[in-house]
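Take a look at the structure below.
The values are calculated or read from the model by the stated rules, or taken from the named source; none is laboratory data. Note that the structure is a prediction, hence the values are computed from the model and not measured. Virtual Cβ from ideal backbone geometry, glycine too; neighbours counted across all protein chains shown. Ligands, DNA and RNA are excluded from the accessible area calculation, which covers all protein heavy atoms including side chains. Shrake-Rupley method; radii C 1.70, N 1.55, O 1.52, S 1.80 Å.
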Amino acid sequence: MSKKGKVLVVDDDAGLCQLYKLTLEQEGYEVFTANQGEEGLSRAVELKPELILLDIMMPMIHGLNVLDILKATPETKDIKIIVLSALSDEDTMNKAKEFGASDYIVKSQATMAEVMERIAGILEKK
Amino acid sequence: MTKRKHSDVFFELEKAQKLSGIVAELALFVLIVGIFLIPASEIPRLQILGIFGGVLLFTVVYYNFPRLYLNPKFVLLPDLVYLTGSAFAVMGLGKYGSFLLIYLYLLIMIDAYIFNLRQLSIITVACIILLNVVAFFSWRGSGGLPFILLIQTYSLIAIAAVSRIFASFSLSMRDQKLELENLNKKIIADKKESLDLIDSLGDGILSCDKDGKIFLHNKSAAELLGTKDLQGKILADVFSLYDEDKIAIDLYKIFKEKTPRLIRSDLYFKRKNSWYRFYIHLNPVYHGAEMTTLIVLFRDITRDKMLEDRSTEFVAVASHEMRTPLAQIEGYLFLALKQLEGVEPNIIENVKAAHNSAIHLINLTNDILTVYNIDGKSVSVALKKVNLGVVISTIIKSFETKAREKNIEVSFKNKITNAEAIVTDENKIVQIVTNLIQNAIKFTDKGWVRVTLDEDSKYLIVDVSDSGVGIEPSARRHIFEKFYRMENWETRKTQGTGLGLYIVKNLTERLGGKVECVLNKKIGTTFRVHFPKEYKNEDDIQMASEEELKNFIGSF
């Protein structure tokens, strides 16, 4: 199987994590998961994925903080990050963009097909 | 003389005229009889009888036609006839002329009494009696017709005429006075009626003068504001209004300094430490540039708002909670479809149907949440520089798959040569244009969807046209209404919530733009959106939301 790239999914919802993992694998990506922010940070440094799907509302570390740290760390600052959240308020969206997220997808506002398209689009740009 | 009550001036005049007519007839009759008592050799009896007969005939005719005796133009006619007749008769009667004069005095007295001119009657009668006595004695000495008798007759004519004029004048004065009184009474009654009506309203109404002092209010206004009397109080002292952030608002000051035409808004009102929701309608009255009166209409909507908030909040929370499981259902069905390649086609079809339904459900909850945000207060405008051409290109790209599936050609033509970015809310623009293109694709079976971007001096204009089923003229009026769907609910072919265009309209207006459905003669539908090049929020406030009002207040 020719891998399209490494993707790290950081989400505290195990079901959703599993869903994205399966779907992305089906699409031909190599997928890793992390169930909380801290784990996400360490996995990012360790794996150096091309792309991270990042949830916002997680226990321990807030997703926006994870994003901020990732973008401030030299080893991880070039990783494309798509924020994937249930939050649809403009404040959070603007903040995510400000912190350097490549895209912001509201969970369930976008269909899975759209999520896949956007991931592909962002990885293509590289 | 006692004051008579006049309920109807017209009737009064008629009565007076009739009475004087009857007296005149009676007196004439007595006179005619009297003529026969004088020896025929001493007077030209036939000539005098002719004069009296003529006058009597006139009297009978005149007083039997209200059109004559009630007409002010003819009010002097009987006097003229009587006195001219009398003058001739007096001359013919010679020494008996004095008796005829008695008839004339009687006439004047009656007139004076009826028309309420007592002084005139007393003076006249006194003078005439004196003159008459003098005449009678002076005549006894000489042989011919005494000169003084002639003078008397003509002066009587003059006095009678003047008395008539006075009478009709005083009557018309009385007319006017009574009319004015009646009018006044009617105005007072009318005013009371309208005040009663205003008082019985459940809404509060008050108006204050140019210094903010309340000069008129209804009962409900006092009740709603929790005071007994508002008269003379200053608006700001009794009407403590707050915006949604509980920042005090002085309505009067806003109008005084900013001179908007009209404000309608939901605001908070504080009374004895509890909060009420008021719907406020403010209508200032301007004389030139200065506001002279401010009319405030307000309604207690605390209860309505509470119920409304509760129900919309329920829908919003329910929709929000449904999002996560829905996303998973949709995601797994998407995955399943990917994994099902090579399986029996009808199984794939079934899963596809389930997947489509899941997507529909997701769109529905999203629409409901957007509408909740629009109807509620949480739509804020995040301004930044946006290049509309780029935004539209991106949106169109996201529809490529869907368009290909339906075999629809989606194109974009940017007619603006050197496009400048405008300051607006990108997310809302995306939502608006996406909704329109989505609709265009949905209602087009095959053919094309064309998007064009153009500009005029003030606006960027986006047209979204399709070659689809089009919109019937009868439906055109309703398409921007909430939950309106063109198709019959039971026989519909397309899925939808009927919220898309409602959202488009509201978001566009929030950005200061407008959306319309352009009449297409041949085929399909065109929606045209105007986005202002300069985002403005506080021009003439026609319908100010709380947010707008707040911005507005914050600006000074």
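The table below lists the values:
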{"item": "Within the range B:303-323, considering residues that are surrounded by 15 or more Cβ atoms within 10 Å (Cβ to Cβ) and either in contact with a Ser or Thr (Cβ under 7 Å, 6 or more places away or on another chain) or under 30 Å from residue B:222 (Cα atoms) (or both), the one farthest from the other protein chains (Cβ to nearest Cβ)", "result": "B:305"}
{"item": "Search result, residues across the range B:276-294 that are in contact (Cβ under 8 Å) with a residue 24 or more places away in the chain and open to solvent by 60 Å² or more (accessible area, probe 1.4 Å)", "result": "B:286, B:289, B:290"}
{"item": "Filter result (over 13 Å from residue B:501 (Cβ atoms) and within 14 Å of chain A (Cβ to nearest Cβ)) within the range B:426-485", "result": "B:426, B:427, B:428, B:429, B:430"}
{"item": "Top-ranked residue in the range B:380-393 [being surrounded by fewer than 17 Cβ atoms within 10 Å (Cβ to Cβ) and at pLDDT below 85; ranked as nearest to the chain's Cα centre (by Cα)]", "result": "B:380"}
{"item": "Enumeration of residues in the range B:410-460 that are over 12 Å from residue B:533 (Cβ atoms), of a type in the set (Ser, Thr, Tyr) and in contact with a strand residue (DSSP E or B) (Cβ under 7 Å, 6 or more places away or on another chain)", "result": "B:411, B:444, B:452"}
{"item": "Filter pass, residue B:326 being among the hydrophobic types (A, V, I, L, M, F, W, C) and either at pLDDT below 85 or in contact with a helix residue (DSSP H, G or I) (Cβ under 9 Å, 6 or more places away or on another chain) (or both)", "result": "yes"}
{"item": "Residues located in the range B:420-448, provided they are among the β-branched types (Val, Ile, Thr) and touching a Gly at 6+ places or on another chain (Cβ under 8 Å)", "result": "B:444"}
{"item": "Scope the range B:401-451; condition polar (S, T, N, Q), more than 44 Å from the chain's Cα centre (by Cα) and at negative phi; matching residues", "result": "B:401, B:411, B:414, B:417, B:418, B:444"}
{"item": "Of all residues in the range A:24-34 being more than 12 Å from the chain's Cα centre (by Cα) and surrounded by fewer than 22 Cβ atoms within 10 Å (Cβ to Cβ), the one that is farthest from residue B:334 (Cα to Cα)", "result": "A:30"}
{"item": "All strands (runs of 3 or more DSSP E) inside the range B:259-307 with 3 or more residues being modelled with pLDDT of 85 or more", "result": "B:274-287, B:290-300"}
{"item": "Selection count where residues are touching a residue at least 24 places away in the same chain (Cβ under 8 Å) and assigned to a loop (DSSP other than H, G, I, E, B), scope the range B:442-456", "result": "4"}
{"item": "Test set (1) under 30 Å from residue B:375 (Cα atoms); (2) crowded, with 20+ Cβ neighbours inside 10 Å; (3) not hydrophobic (A, V, I, L, M, F, W, C) - residue B:299 fails condition number", "result": "(2)"}
{"item": "Residue in the range A:107-126 that is farthest from the other protein chains (Cβ to nearest Cβ), counting only those that are surrounded by 19 or more Cβ atoms within 10 Å (Cβ to Cβ) and touching a residue at least 24 places away in the same chain (Cβ under 8 Å)", "result": "A:119"}
{"item": "Test: residue in the range B:370-382 that is over 29 Å from residue B:466 (Cβ atoms) and in contact with a Leu (Cβ under 6 Å, 6 or more places away or on another chain)", "result": "no"}
{"item": "Residue list for the range A:72-119, filter: part of a strand (DSSP E or B) and of a type in the set (Ser, Thr, Tyr)", "result": "A:85, A:104"}
{"item": "Scope the range A:87-106; condition at the interface with chain B (Cβ under 7 Å from one of its Cβ atoms) and open to solvent by less than 20 Å² (accessible area, probe 1.4 Å); matching residues", "result": "none"}
{"item": "Complete set of residues in the range B:175-201 that are under 27 Å from residue B:278 (Cβ atoms) and loosely packed, with under 11 Cβ neighbours inside 10 Å", "result": "B:194, B:197, B:200"}
{"item": "Residue list for the range B:399-421, restricted to those being open to solvent by less than 100 Å² (accessible area, probe 1.4 Å), free of Cβ contacts under 8 Å to residues at least 12 places away in the same chain and not polar (S, T, N, Q)", "result": "B:400"}
{"item": "Output for the range A:53-86, where each listed residue is within 13 Å of another protein chain (Cβ to nearest Cβ) and either open to solvent by 70 Å² or more (accessible area, probe 1.4 Å) or of a type in the set (Phe, Trp, Tyr) (or both)", "result": "A:57"}
{"item": "Any hit, the range B:346-357, residues being free of Cβ contacts under 8 Å to residues at least 40 places away in the same chain, more than 56 Å from the chain's Cα centre (by Cα) and within 8 Å of chain A (Cβ to nearest Cβ)", "result": "no"}
{"item": "Residue A:77 being out of contact with any strand residue (DSSP E or B) (no Cβ under 8 Å at 6 or more places or on another chain) and either basic (Lys, Arg) or closer than 19 Å to residue B:335 by Cβ (or both)", "result": "yes"}
